[in-house]
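The values are calculated or read from the model by the stated rules, or taken from the named source; none is laboratory data. Just so you know, these numbers come straight off a predicted model, no measurement behind them. Glycine gets a Cβ as well: all are built from the backbone with ideal geometry, and neighbour counts include every protein chain shown. Ligands, DNA and RNA are excluded from the accessible area calculation, which covers all protein heavy atoms including side chains. Shrake-Rupley method; radii C 1.70, N 1.55, O 1.52, S 1.80 Å.
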Amino acid sequence: LSGFGTEDTHHNLHTLHWGPDGRLYFNQAVYTRTDTETPSGVVRLRAGGVFRFDPRDQQMDIVYRGWNNPWGHQFDSYGQSFLSDGAGNLGISWAVPGATYQTYAPARRVLQSISPGTYPKFCGLEIVHSEQFAADWQGDIITGDFRANRVVRFKLTDQGAGYLTRPMPDLLRTTADTFRPVDMKLGPDGALYIADWSNRIIQHGEVDFRDPRRDKVHGRIWRVTAKGRPLQPRIDFTRSNTAALLDQLISPNVYNQEQARRVLVERGADAVLPELTKWKNIHSDERSLLQAMWLYEAFNQPQAGLFTTLLAAADPGVRAAAVRALPSDAQDTPQQLARLVTDENPRVRLEAVRALGLIPSVASLDAALSVLDRPMDPFLDYALWLTVNEEAQLWLDAVKGGKLKVVENDHRLAFILNALKPEQTGEVLGQLLAQQPIPRDGSGPWIELIGSSGGPAELRQLFDQVTGGGFDNQAAIRSLTALSQAALQRKTVPTGDLASLATLLRSSNLSIRASAVQLIGAWKLSQFSADLLTLAGNPDTPADERLAVFNALR
């Protein structure tokens, strides 16, 4: 299989790569439109993203969305995905299942990259696992800055549930303006091979396609090796016996691992599984068992006992990899995931939260929400937000049907209501508010939720409480702000007569008076014009309040 595209780098299907799970991953750029018919239905993607294709049953799905031109994709030794973007400027991204990244397509929320700051556009990506390179290079990310004619290197470190990249000195830099590194891969000898587009012109339509400076015949592949370090011997994996191929799965050279796995899968389960059973009984260390797990996964033969072992591994990277591979339809998977959501390692917790999103039930959502009982970070917060939205309709139906008891001001409930679409929150907001009035101090998410999602009835409840003196000063100001935002952003106002707003114009608190004046303007209550003019003409009216009056009158 091969990628295809035009000279315009935004119109491409590219970076096809076999994953450790035996499935094929391939990327699509932002302007491409895909409508692919498969035995299980049509798969559509009209933006950038990453597809996953299983050759055994021709099942195809979209695992990641976003990016403008995701030209680089590689897996680390734990099966985690990292991507580069040939048209974006966010550096390197770590791929969380189901996540959306910076994109031209509509998205309610996107996940940040793991490269702080702004970076050039990067093309291609490789992770160093080769004896050709020094020990302190192992696990480093290599990618191409094709605009600046250089190949760059990043250190990868853990940061909470996610990762952090740290730029290192360039691997290669040249003043030759035709050097355009667009892909890089470790080869059979352990060396790094760099595909060089070799063209001065890289723009789209800004430069005429007939421009004679466009080089349509040249291109180079460079090989980078270490001085004085012997190259690895080339192996014909198709001639190796099964036992030798299994040993290559734990080779320090990732090329050997990938090719051995590919040949093993092609030989078929009947030929390999008996040998694999013997092999894993001999190689009982966690990293070897992880390779065995992936091979069983590639043959669609998950081993429950192997999952049990790896989910209790000392290495959190192995535990996280095992969580991602857990069959969602296995009987004991929900119980295992509920336990792993409280794992001591944040990446394991994140993987468990995302895996629970594949098991549609209110119980799965409740288990995922328990991650809030441990320290959170932006990656965990985003993962939980995704899972909440995947399980949203089941939760909403349970609340509306009276089958789910919710606790007011519980931080889990607050997370759900803030994560849902405003119209979804509005479906149950009145029902939840009817259970107990909003506290006098305004604690909990209720005031802001009414402002962002409440209908006229909920806005009326908030209005009556604030005009009736049911809030302290700070909560009253928040309530008036929420009522104003509902009018300005959603054109929604409380039901009934609004004349009682006049009581707030006589408040001793300047901020409350100013907020009430602002609300008069937002609601266009012309019956208060005389009151506003009186305030404006009073020499004792503070400047801030007078400014609010003129804004309201305007």
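Might you check whether a residue that is among the aliphatic types (A, V, I, L, M) and out of contact with any Lys or Arg (no Cβ under 8 Å at 6 or more places or on another chain) occurs anywhere in region 96-104? No, every residue in region 96-104 fails to be among the aliphatic types (A, V, I, L, M) and out of contact with any Lys or Arg (no Cβ under 8 Å at 6 or more places or on another chain). Considering the conditions (1) closer than 29 Å to Ala522 by Cα; (2) touching a Phe, Trp or Tyr at 6+ places or on another chain (Cβ under 9 Å); (3) assigned to a loop (DSSP other than H, G, I, E, B), Leu432 is excluded by exactly one of them, (3). Among the residues of region 468-482, those identified as open to solvent by 30 Å² or more (accessible area, probe 1.4 Å) and either part of a helix (DSSP H, G or I) or in contact with a helix residue (DSSP H, G or I) (Cβ under 6 Å, 6 or more places away or on another chain) (or both) are Asn473, Gln474, Ile477, Arg478, Thr481. Taking every residue in region 525-543 that is of a type in the set (Lys, Arg) and pairing it with any residue that is open to solvent by 70 Å² or more (accessible area, probe 1.4 Å) and assigned to a helix (DSSP H, G or I), at least 6 positions away or on another chain, yields no pair with a Cβ-Cβ distance below 7 Å. Suppose the filter is part of a helix (DSSP H, G or I), open to solvent by less than 70 Å² (accessible area, probe 1.4 Å) and over 18 Å from Gly79 (Cα atoms); does Ala292 pass it? Judged against the criteria, Ala292 is not a match. Residues in region 19-69 that are touching a Leu at 6+ places or on another chain (Cβ under 9 Å) and loosely packed, with under 15 Cβ neighbours inside 10 Å: Arg33, Asp35, Thr36, Pro55.
So for region 510-529 (the condition being surrounded by fewer than 16 Cβ atoms within 10 Å (Cβ to Cβ) and closer than 21 Å to Ala434 by Cα), does at least one residue qualify? Within region 510-529 (the criterion being surrounded by fewer than 16 Cβ atoms within 10 Å (Cβ to Cβ) and closer than 21 Å to Ala434 by Cα), the answer is no, since none of the residues qualifies. Cβ separations smaller than 8 Å between residues 6+ apart or across chains give the following pairs from region 411-434 residues that are buried (at least 16 other Cβ atoms within 10 Å of the Cβ) to residues that are among the small types (Gly, Ala, Ser) and in a loop (DSSP other than H, G, I, E, B): Ala414/Gly444; Gly426/Gly454; Gly426/Gly455; Leu429/Gly454; Leu429/Gly455.
Among all residue pairs at least 6 apart or on different chains, which show Cβ distances below 6 Å where the first residue, located in region 298-324, is open to solvent by less than 70 Å² (accessible area, probe 1.4 Å) and the second is hydroxyl-bearing (Ser, Thr, Tyr) and in a loop (DSSP other than H, G, I, E, B)? Pairs found: Gly317/Tyr78; Ala321/Tyr78. Every test in (1) within 21 Å of Gly454 (Cα to Cα); (2) open to solvent by 20 Å² or more (accessible area, probe 1.4 Å); (3) not in a loop (DSSP other than H, G, I, E, B) is passed by Asp381 save one, and that test is (1).
Would you check which residues across region 65-118 are in a loop (DSSP other than H, G, I, E, B), closer than 17 Å to Tyr382 by Cα and β-branched (Val, Ile, Thr) and list them? Val96, Thr103, Val110, Ile114 - these are the residues of region 65-118 that are in a loop (DSSP other than H, G, I, E, B), closer than 17 Å to Tyr382 by Cα and β-branched (Val, Ile, Thr).
Is at least one residue of region 1-14 over 25 Å from Asp215 (Cα atoms), at pLDDT below 95, open to solvent by less than 60 Å² (accessible area, probe 1.4 Å) and of a type in the set (A, V, I, L, M)? No, the conditions are met nowhere in region 1-14.
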